[in-house]
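The values are calculated or read from the model by the stated rules, or taken from the named source; none is laboratory data. Please read these numbers as outputs of a predicted model, since none were measured by experiment. We place every Cβ from the backbone using ideal geometry, glycine too, and count neighbours over all the protein chains shown. Just so you know, the surface numbers come from the protein's heavy atoms only, side chains and all, with ligands and any DNA or RNA stripped out. Shrake-Rupley method; radii C 1.70, N 1.55, O 1.52, S 1.80 Å.
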Amino acid sequence: MHNRYQYLLFLLIIMAAPFRGISQEETAMVYSSENQLDINNASYEEIEKLPIPREIAERIYERIQYEGPFTSVFQLREIEGVTQEILLQLRPLIRIEPYREVSERETRLSDLYYRLDRWEGDEGTNQALIDFWIEQALEPVNVNHMRYDEFWNLQSVSPVDAAAIVNYRNQVGQITSLRDLRSAPYLSYFGYRNARDFISFSPPSRRREFHGSLLFRMTNTPFLTEESDVTSTSTNELSGIGVNLYPDVYSRLIASWGSDLKLGISYWHSLGEPTFTYDLGFVQAPRVKFYFGVENKRLGPLEMRKLYLGNYSLALGQGVVMESTDFFVPRKSGLGFRKRFIGLAGDNSRTREFKLSGLATEFAFHNAHLFLFGSFAKRDAVLNKTPVLYKGELIHPVNQFVVLDQRFEYAPLDSARFRADLSWRETVKELLYGFHAAYDLLPTTQLGVTYYESAYDRPIRPNIDEIVNPADLGQTTLTDNEIYASYGGSISDGENPFWSEAKSFRRVYGMNLQSVYQNVAFQAEYAELDKDRGLSLFGSEGNPWAFVGSAYVQYNSFYLMGLYRNYQLEYDNPYQRSFSNYRRFENTIYEDYFYLQTPYYLQLYSNNPQPQSERGFYFDTRYQINRQFTLQMEYDNWKRNADDMPHYRLRGTLEFRPVFPIRLSLRQKYQGRASDNDKTLQYYENSEFRATLDFRLSRYSALSLLYFNSNVEFRPRPRLSFPAEPGVDPATNYAGTAALPGSALGATYTHNFNEWLKIRGFLGFYRGFFWNFEDTQFFAIESERGAMRYWFSVYSRISNRMSMRLKYTRDRQYPITFSQARDSNNQLIGPGSSNYEAGKYYQGSLIQPSQEYYYMEFNFHF
């Protein structure tokens, strides 16, 4: 294998040889007498490339924007700071052309295309944030009219940055320019650079226009969870459940009529699942998500900030009580890259299980805020085969709610439920309603309370016997308190005054506090699940509770965050999305599909968006030592509340920039469980090293070299191989796998032909486990024998309003040379067979697996 690495490294060096970085002096020479800058029609970023200080670039840009275009190059002398020497230096680099009248939206589309490139192809799970960023970047809001929470929702703007802008505005009365904004105390330069793309300083336009954005995305990329390997084979063998070869298709439209009327429509069809339509009589229409919103209306002294009808998303506080999404994000602190959209928004996301469908609104009266929300929707759930008698009626109760990759009508391979006609798709109805009331004690200090109640048309009876194979249940130690503590039973039975069909309920309430003082932010949220035991307030008696509290301090080149969380075992809230390292049912029997009544029940764990019941401390810090060195550290130490099993995670990243175009990043991670216990089989320790060497080339092109190495150690497990000798006590048998190594070597190259056309590609070899960001997608892959992987993408801005992205990926495993074929009728297959056309030439086992994926994306702004 070392020879393979040496050969690949040689190829990468040859690839890198023709390219070199550009120095700061060369950056200043982007413009010349042959390539002059049309300064009247230039963006701020283009003016900033001139060999002048940043302050002068800002003044030139503001002069053009607010006083009109230049008519002579000599008018530059009127700009503060432009000396005769600077004028003589600029004169051959710029030209004066008539100002081209274009709409402000077209101008921003041109200026922000590089951000739209990232956002539109984002494979993240918080679509509300992405939609908000796109909409506000193209239709910026006056900085003097924005609220604290709106600043906080902007990309990479921290609560300290948001508070700094609000407090400075309150102090001076009005912010009139970027230079004025930069003067805000405690506003970091990073927060300033990110906020300026979303704000304006001019009064809002009274002209009502219709604007929007259309996205279409299609791919055949498989799921990134363990069950994909399990189900991909078995699904092809099934019939009668709607399996097809249709790709994954996602499309969405966001539109606005003026600044107060919002509209959204989205459609998602997952890979290989059945199609869902509405029968309109004359046509079969696809089942879509839809919303209509009204914002910023005055009702006398009352301000109606938002009103949404249809599908909407809601996230409050730290996500302990309410955040409506199907997706789990580890270590979701609400800061940096782990942000959540705070508040109410239309829902265009891929969330289907925990989508909210109904009506929601936000009101404000002086310093008081009130959210009211209601929803009625069908949920996917695993039903028990054994019915219960409820008020004289036999009903199959809900065992567990489940987020499905492919929404088949029945759980594949569960013949008992199929014969009993027990579907798991849209099998239980939920009526949900609640409120969030908050009061601003100070401009950036808020105290709030949240309440919601759900009613269901089936009883809730979690029962592990209905999920796990009965023969395996008594032979494994992986049954877990987290499963047995699931909410349900007679305590959940009850009626609802608003719905006669209700047979069970769930009630959650809590309070949250957030405050910013100078450059320090505090956040906390506490909640309880009502089980008729009385208020607990952190006690061991009473209702089960959950708590998250954090503090964040920020300077220009340094920040530090500390966080503590504790979620009691019985706090089973399906809308909880607060900070945790692992998802619910981690390290339980639901994690091992071979024990379950169908492998598809693995999704109870693998797709579970709830956090694990855990308690512990988390710290995150970043320090830019100087222009060359930046250090980032992350440390987490926690215990599972189910069994007090200790865990830790330590990650450090050191970035070194010897010169501007070159960056070396060294990332080391240590993670483990029960590392001080030499008896338990739960022990594991993981060491992972990742090094990248990035070269910034001319025209924003880039070359990146990657080296990856990891190793996971755990107790030897003979059941994963075989006993050393018959009759040997398994406790003294040290045969079996004891480690899982992984390594990779590769290179990524990005070439910008111009601002309209870009290509990217990756070539690499990996063996074992490997994760990587590939253009706009994230992949976690594994190969026992090793594999060559490459992908190639093309991104084209067809026009200012239209863009397209195409991507092709191929993963080619190294061949199996030790396959035993004596008992597999290993005969030659001739042409004409479907197996032959698929690349299988013998009846025996597959010799060399190979996978191909495509990804297509189309965007249009209007």
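Brief remarks follow.
- Within the range 294-317, restricting attention to residues that are in contact (Cβ under 8 Å) with a residue 60 or more places away in the chain and open to solvent by less than 10 Å² (accessible area, probe 1.4 Å), the residue that is nearest to the chain's Cα centre (by Cα) is Ala315.
Residues are listed down the side, and each one gets a yes or a no for (1) assigned to a strand (DSSP E or B); (2) open to solvent by 30 Å² or more (accessible area, probe 1.4 Å); (3) at pLDDT 90 or above:
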site	(1), (2), (3)
Tyr795	yes, no, yes
Thr809	yes, no, yes
Thr817	no, yes, no
Gln848	no, yes, no
Tyr854	yes, yes, yes
Glu857	yes, no, yes
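- From the options Tyr575, Tyr552, residue that is buried (at least 22 other Cβ atoms within 10 Å of the Cβ), at pLDDT 90 or above and farther than 23 Å from Phe619 by Cα: Tyr575
- In the range 263-291, the qualifying residues are those that are touching a Gly at 6+ places or on another chain (Cβ under 6 Å) and assigned to a strand (DSSP E or B), and the one that is farthest from Asn142 (Cα to Cα) is Phe290.
- When residues of the range 572-616 are limited to those that are under 20 Å from the mean Cα position of the chain (by Cα) and hydrophobic (A, V, I, L, M, F, W, C), the one farthest from Glu430 (Cα to Cα): Phe579
- Qualifying strands (runs of 3 or more DSSP E) (wholly inside the range 369-456; at least 1 residues being open to solvent by less than 10 Å² (accessible area, probe 1.4 Å)): 381-383, 398-401, 428-442, 445-456
- Check on Glu55, over 17 Å from Arg179 (Cβ atoms), open to solvent by 80 Å² or more (accessible area, probe 1.4 Å) and among the charged types (D, E, K, R): no
- Among residues of the range 155-187 being part of a loop (DSSP other than H, G, I, E, B) and within 25 Å of the chain's Cα centre (by Cα), the one that is farthest from Glu45 (Cα to Cα) is Ser158.
- Selection within the range 638-647 - touching a residue at least 12 places away in the same chain (Cβ under 8 Å) and either open to solvent by 50 Å² or more (accessible area, probe 1.4 Å) or not in a strand (DSSP E or B) (or both): Lys639, Asn641, Ala642, Asp643, Met645
- Ser504 satisfies every condition listed in (1) of a type outside the set (Lys, Arg); (2) open to solvent by less than 10 Å² (accessible area, probe 1.4 Å); (3) at pLDDT below 95; (4) over 29 Å from the mean Cα position of the chain (by Cα) except (3).
- Enumeration of residues in the range 327-350 that are touching a residue at least 60 places away in the same chain (Cβ under 8 Å) and either assigned to a strand (DSSP E or B) or of a type in the set (Val, Ile, Thr) (or both): Val329, Ile342, Gly343, Ala345, Gly346
- All of Leu705, Leu654, Leu650 fail the test of being touching a helix residue (DSSP H, G or I) at 6+ places or on another chain (Cβ under 8 Å), open to solvent by 40 Å² or more (accessible area, probe 1.4 Å), at pLDDT 95 or above and in a strand (DSSP E or B), apart from Leu705.
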